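Structure first, then comments.
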Amino acid sequence: MEAVERRPFYLYSKPQITRNVEAYKEALEGLNSIIGYAIKANNNFLILQHLKNLGCGLYCEFDLDNIVSAARIAGKKVNVLLRINPDVDPQVHPYVATGNKNSKFGIRNEKLQWFLDAVKSYPDELTLVGAHCHLGSTITKVDIFRDAASIMVKFIDEIRAQGFDINYLNIGGGLGIDYYHTGTVLPTPRDLIDTVRELVLSRNLNLIIEPGRSLIANTCCLVNRVTGVKTNGTKNFIVIDGSMAELIRPSLYDAYQHIELVSPPSPDSAVSTFDVVGPVCESADFLGKDRDLPSPASGSGLVVHDAGAYCMSMASTYNLKMRPPEYWVDEDGSVAKIRHGETFEDHMRYFEGL
C-alpha cells in the first residue's frame, strides 16, 4: 500500500465516522434537530462530503457586520442565531473553555438588548431564529450542558417576549472522548441529549448540536516511524519522524493521546519509561511523556491514537516539515488516499514569479 511511504501519515476509519454520526442520530430521536459538524475539528474535503451525505450540516461562525454585508451582496435575508455566553464553567483546560465570562466568545447578558436592537435595525437583512451557546471542548460531565440549557431557555423566553419568533436552540458541541484508553466510562451522545431533552421540548424548540471532536477524534491515528532511541542519563526518549508540526495538541494543550507500537514486542523486550519526541528543535516537540513502552527498533511503526480532531487541521510546515497525507479505511476494508501529502515543490510554488 502506498501509505507505507517513509513519512508520517494519518489513517482514518470511514465506518467509525459513520457509527459516530449514527449515535447522535439515535440520541436525537423524538426531537426536531440538526447535527451541525464543526469543521474546525477536521476540514478534509472528502470527510466533509461523507458527513454531509450522512445528514450533517457544516458550521462556521460569522459576526454581525459580516453577515449583514454578505446578505446585502447576496440580496437575501439571512436566518441568524445570537451566540450568548452563559458563563458556565465547563471544567476543562482553560484554552478550550469558551462559555465562561472571561471568554472572547459570545455576548454577555448585559449586552443582550443592544444586540436585539441591532438585529431589529436590519429588517431587510436579518431574521433572528434562535439562540446559541458553546461551552468548550473535552467536556465529560453532561450536567454542565443541562445547566447551560437552563440558562439559555430563559434567554429565549426573554427574546420571545420582545416579539421575536425564535425556534432554535444551539447548544454547541464539546463532548469529550477517552483519550487515555483506560476504559473510563464517559458520557455518550444519548446521555448528553437526554439531559437537555425536556428543556427543549418544554419550549417547543428545534435543537442544534455541533459535535466536532466526538464525531471525528477517535476515527484516526497518526502513523509514525521510530528513528531511534536515546537517553540523556536520566530520561529515555523514543524519537520518531512525526512531530509537533503534525500533531500539536500535546504541546499546545498539554493533551494526552494514547501511544503504542504497531508491532508487538518480542517476549524478551524490556519495558521502560520514555518520552516520545519528534525531530524538531523545540523542547515542546513531544507527542507523549512518561509512557511505558518496550524499547523499539529503529524503523518500527508507532501510532498516536485519537488524532482525528485538531491534529491535521492544526498541522503546520514548521521546520519545513511538509503536511502529511491522509488515508481512510473504507467499509470494505480497502485503503484509499483522501488527501495528498505536501511536498517541498508545493512549498516552493508559493514563491514562483516573485
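Among the residues of segment 259-276, those identified as open to solvent by 60 Å² or more (accessible area, probe 1.4 Å) and among the hydrophobic types (A, V, I, L, M, F, W, C) are VAL262, ALA270, VAL271. Restricting segment 277-298 to residues that are over 27 Å from the mean Cα position of the chain (by Cα) and of a type in the set (A, V, I, L, M), which is most open to solvent (accessible area, probe 1.4 Å)? Only one residue fits best here, namely ALA297.
Screening GLU246 on (1) buried (at least 20 other Cβ atoms within 10 Å of the Cβ); (2) part of a helix (DSSP H, G or I); (3) of a type outside the set (Ser, Thr, Tyr) shows it passes everything except condition (2). Looking only at residues of segment 177-190 that are in contact (Cβ under 8 Å) with a residue 60 or more places away in the chain, of a type outside the set (A, V, I, L, M) and closer than 18 Å to GLU22 by Cα, we find that the one that is least open to solvent (accessible area, probe 1.4 Å) is PRO189.
Only one of the numbered conditions (1) open to solvent by less than 40 Å² (accessible area, probe 1.4 Å); (2) not in a loop (DSSP other than H, G, I, E, B) is not met by PHE164, and that is (2). Within segment 19-60, restricting attention to residues that are under 18 Å from the mean Cα position of the chain (by Cα) and charged (D, E, K, R), the residue that is modelled with the lowest pLDDT is LYS40.
Of all residues in segment 269-276, one or more are assigned to a loop (DSSP other than H, G, I, E, B) and farther than 21 Å from SER313 by Cα. Scanning segment 223-230 for any residue that is charged (D, E, K, R), more than 26 Å from SER313 (Cα to Cα), out of contact with any helix residue (DSSP H, G or I) (no Cβ under 8 Å at 6 or more places or on another chain) and assigned to a loop (DSSP other than H, G, I, E, B) turns up nothing. In segment 193-211 there is no residue that is under 30 Å from GLY299 (Cβ atoms), in contact (Cβ under 8 Å) with a residue 60 or more places away in the chain, assigned to a loop (DSSP other than H, G, I, E, B) and open to solvent by 10 Å² or more (accessible area, probe 1.4 Å).
If you check SER251 against the conditions, is it farther than 20 Å from LEU11 by Cα, of a type in the set (S, T, N, Q), in a loop (DSSP other than H, G, I, E, B) and open to solvent by 20 Å² or more (accessible area, probe 1.4 Å)?
On the way: farther than 20 Å from LEU11 by Cα: yes; of a type in the set (S, T, N, Q): yes; in a loop (DSSP other than H, G, I, E, B): no; open to solvent by 20 Å² or more (accessible area, probe 1.4 Å): yes.
The answer is no for SER251.
The condition of being of a type outside the set (Phe, Trp, Tyr), modelled with pLDDT of 95 or more and either open to solvent by 30 Å² or more (accessible area, probe 1.4 Å) or farther than 24 Å from ALA255 by Cα (or both) holds for ASP332. Residues that are part of a helix (DSSP H, G or I), closer than 30 Å to SER214 by Cα, out of contact with any Cys (no Cβ under 9 Å at 6 or more places or on another chain) and polar (S, T, N, Q): does segment 142-153 have at least one? Yes, the conditions are met somewhere in segment 142-153. Among the numbered conditions (1) within 21 Å of TYR37 (Cβ to Cβ); (2) out of contact with any helix residue (DSSP H, G or I) (no Cβ under 7 Å at 6 or more places or on another chain); (3) outside any loop (DSSP other than H, G, I, E, B); (4) of a type outside the set (Val, Ile, Thr), the only one that ARG291 does not meet is (1).
Here LEU302 meets each of (1) surrounded by fewer than 22 Cβ atoms within 10 Å (Cβ to Cβ); (2) aliphatic (A, V, I, L, M); (3) assigned to a strand (DSSP E or B) with one exception, condition (1).
The values are calculated or read from the model by the stated rules, or taken from the named source; none is laboratory data. Remember, predicted model here, so these are calculated numbers, not experimental data. Every residue, glycine as well, gets a Cβ built from its backbone with ideal geometry; the counts of neighbours run over all protein chains shown. Just so you know, the surface numbers come from the protein's heavy atoms only, side chains and all, with ligands and any DNA or RNA stripped out. Shrake-Rupley method; radii C 1.70, N 1.55, O 1.52, S 1.80 Å.
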